[in-house]
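Quick note: the coordinates plus some simple rules give every number you see, no bench work behind them. For clarity, every value in this text was computed on a predicted model and none was experimentally measured. Here the Cβ is made from the backbone with ideal geometry for all residues, glycine too, and neighbour counts use every protein chain on show.
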Amino acid sequence: MKRPWKTTGVRLFFSYSGPAALPLNRDRIGGPMVNFCPHNLREGFHALYALTRFSPRRTGPGMMERSIDAVFALWKPDQGWNAARLRDLGLNYQECQGFVTGEGRMLGRWSNTSVATGSRPALELALILKEKAIGEFSWPTAVTSPNDSSPATSHSVTCMMSSLAQLADLLGDDALLARVESVL
């Protein structure tokens, strides 16, 4: 039986092979991994979570922690991504349409990762994202923020709402769950 994580792991680690432990894309076919867009963090963390939890070699945990460290070093909830530092690393920062379509979508992965691995930094990031989400966005719509110039897609909103519900369940936070339910 072929193990799906072998192929997935090779591709995933290649996307994380640039100058920062973030999921990166090439700038051209065969080119270096230099494009960073926060929208891709959710997908990168989905793959890292699977490798961390199910890979027999357990190669995912170290990359997961390095990636969380990179987010802490390069992103602040009140300032966003440090584009100058990303440029200094040789990365092309590709801004997405705000928090909901970028960082807000990945909150659930960090919640689940903290449960699966016991990672305190993963839970800390989830809590920071939760505070930003409930503090800056209009409820019950949760699709606009005074800091975001364009509305998020329904897919990104549902990703963030699902993530907040997962975190509420993890924490036993009935008030947060009620806020999420108000959107539905």
Spelling out what I want: for every residue of region 118-129, take phi, set θ = phi - 60°, compute 6.51 cos²θ - 1.76 cosθ + 1.60 (Karplus), and round to whole Hz; glycine and proline get x. x, 6, 5, x, 5, 5, 4, 5, 4, 5, 4, 5
When a/c is below 1.5 the answer is rounded, else prolate if a/b is larger than b/c, else oblate, so apply that to region 67-142 with a ≥ b ≥ c taken from the square roots of the Cα gyration tensor eigenvalues. oblate
When a footprinting reagent is the concern and you count Cβ atoms within 10 Å, what order do ARG109, ARG179 take, fewest first? ARG179, ARG109
Which value in nm describes the separation of the simple spin-label points at ALA178 and HIS155, placed 7 Å from the Cα toward the beta carbon? 3.4
Please list, in order along region 47-52, the HN-Hα scalar couplings obtained from phi with the Karplus expression 6.51 cos²θ - 1.76 cosθ + 1.60 (θ = phi - 60°), rounded to whole Hz, x for Gly and Pro. 5, 4, 4, 4, 5, 5
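What number comes out for the charge environment of GLN166, summing +1 per Lys or Arg and -1 per Asp or Glu over other residues with Cβ under 14 Å away?
Details: positive: ARG42, ARG105, ARG109, LYS130, ARG179; negative: ASP169, ASP173, GLU181.
For residues surrounding GLN166, the net value is +2.
Hey, fewest Cβ within 10 Å first, where do SER67, SER15 land in order?
Details: SER67 22, SER15 17.
Ordered by Cβ neighbours within 10 Å, fewest first: SER15, SER67.
Among GLU95, GLU136, GLU103, which comes first, second and so on when ranked by fewest other beta-carbon atoms within 10 Å? The partial results should precede the final answer.
Details: GLU95 13, GLU136 19, GLU103 25.
Least crowded to most crowded, the residues run GLU95, GLU136, GLU103.
Order 41-48, 73-80 from most to least packed using the mean count of other Cβ atoms within 10 Å.
Working: 41-48: 21.8, 73-80: 13.9.
Final packing ranking: 41-48, 73-80.
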Placed amide H near GLN94: partners under 5 Å, 5+ positions off or other chain: PHE36, CYS37
